[in-house]
1. Any residue that is without any contact (Cβ under 8 Å) to a residue 12 or more places away in the chain, open to solvent by 10 Å² or more (accessible area, probe 1.4 Å), assigned to a helix (DSSP H, G or I) and farther than 25 Å from PHE185 by Cα - is there at least one of those in region 121-137?
2. Could you say whether any residue in region 91-112 is touching a Cys at 6+ places or on another chain (Cβ under 6 Å) and at negative phi?
3. Collect the residues in region 81-95 that are closer than 15 Å to GLY10 by Cα and either surrounded by fewer than 21 Cβ atoms within 10 Å (Cβ to Cβ) or at pLDDT below 95 (or both), keeping them in residue-number order.
4. Within region 241-270, work out how many residues are more than 12 Å from the ligand (Cβ to nearest atom) and either under 30 Å from ALA29 (Cβ atoms) or open to solvent by less than 50 Å² (accessible area, probe 1.4 Å) (or both).
5. Select from region 144-158 the residues that are away from the ligand (no atom under 12 Å from the Cβ) and either part of a strand (DSSP E or B) or on the phi > 0 side of the Ramachandran plot (or both) and write down the one among them that is surrounded by the fewest Cβ atoms within 10 Å (Cβ to Cβ).
6. Only one residue in PRO201, PRO161 is away from the ligand (no atom under 14 Å from the Cβ), at pLDDT 95 or above and either part of a loop (DSSP other than H, G, I, E, B) or open to solvent by less than 20 Å² (accessible area, probe 1.4 Å) (or both). Which one?
7. Just to check your reading of the model, which residue among ARG216, ARG221, ARG238 is of a type in the set (D, E, K, R), assigned by TED's automatic domain parsing to the domain that holds LEU136, within 28 Å of ALA319 (Cα to Cα) and within 16 Å of the ligand (Cβ to nearest atom)?
Amino acid sequence: MSDLRVAVLGVGVMGADHVARLTTKISGARVAVVNDFVTEKAERIASGIDGCRAIADPLDAIADPDVDAVVLATPGPTHEKQLLACLEHGKPVLCEKPLTTDVATSLEVVKREAALGKRLIQVGFMRRFDHEYAQLKALLTSGELGRALLLHCAHRNPAVPPYFDSAMVVRDSLVHEVDVTRFLFDEEITSIQMVKPSASPGAPEGLADPQIAIMRTASGRHVDVELFVTTGVAYEVRTEVVAEKGSAMIGLDVGLVRTRSDGTRGGQLTPGFRERFGQAYDTEFQRWVDAVRRGSATGDFTDGPSAWDGYAAAAVCEAGVESLDSGLPVAVSMVDRATIPGA
Ligand code: ISE
């Protein structure tokens, strides 16, 4: 079978990483087309890859007959149109979060894919592919810990770009714990409350940082998440499950622990999410490529979070942003999955 010809749309930091990943680490695929709203950037990247072209219009790139599958690393507001074009042309697509920027359009994408009777859309919630999260999931599934009761999470970034506002802490950062909760507990989140403690003096004016999210799942489990995106220290993502017969924690990120002549002991923290989740991105991409290559036989061109998972995350984040304003718990409003056959 010949290599899958992939179009990567959006070659900012993440998209450029994905181009490099597909070119140097992933087997069974090659980057055939790149696209970016900065045309020269796409042309420069394409010129460094054998058999790769830049195409200026993202919709032309999706429709191109020499493109078998698409990676969307474009800005969120462009996703809806690009995803619908992928569906129209029957092209499998790995879409970086968010699926779309609001709940109504996310639901529309879910419905349009379901109507095709094929799974073409995978959403880039990469943590599901991280070895530690996979181990934690396997432990919970094994039943060794009994019923999981609580989830405590910390999500700290050393810094965020200047345009990051309080709602982005929910939509861009917390969204990962939303997906992790649904992945680990296998159920929907039904309510969310955002709490704003006094802001860190290091946070830019107007940014509510840190924030605490308190979520409740359909069966009544409790989840709390500390979000602190301007720590100035390092990238720290910790997740602890408390269950009836014990607890389990991942993300201590200690690596090699060494003693020092000044009498201290310690390891190295990862600086950012690209380093912390590098293995997860690689595994995600290899499994996606493998799934797309066998997709025509099964009708399923995905191996990971679905359009429904993207929609569910959007619904929880929407409620989270509402709670950020009111300070009150907000019920998550979602349609019943059973009403969309194939979703
Ligand atoms: C960023 O967009 C990501 O997706 C990272 O995984 C997350 O940790 C970070 O907080 C976000 O800003």
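1. no
2. Yes, region 91-112 contains at least one residue that is touching a Cys at 6+ places or on another chain (Cβ under 6 Å) and at negative phi.
3. LYS81
4. So the count comes out to 9.
5. By that ranking, first place goes to GLY146.
6. The unique qualifying residue is PRO201.
7. ARG238
The values are calculated or read from the model by the stated rules, or taken from the named source; none is laboratory data. If you're wondering where the values come from, they're calculated on a predicted model, not measured in any experiment. For neighbour counting, all protein chains shown are included, and Cβ atoms are generated from backbone atoms with ideal geometry for every residue, glycine included. For accessibility, only protein heavy atoms count, side chains too; no ligands or nucleic acids. Shrake-Rupley method; radii C 1.70, N 1.55, O 1.52, S 1.80 Å.
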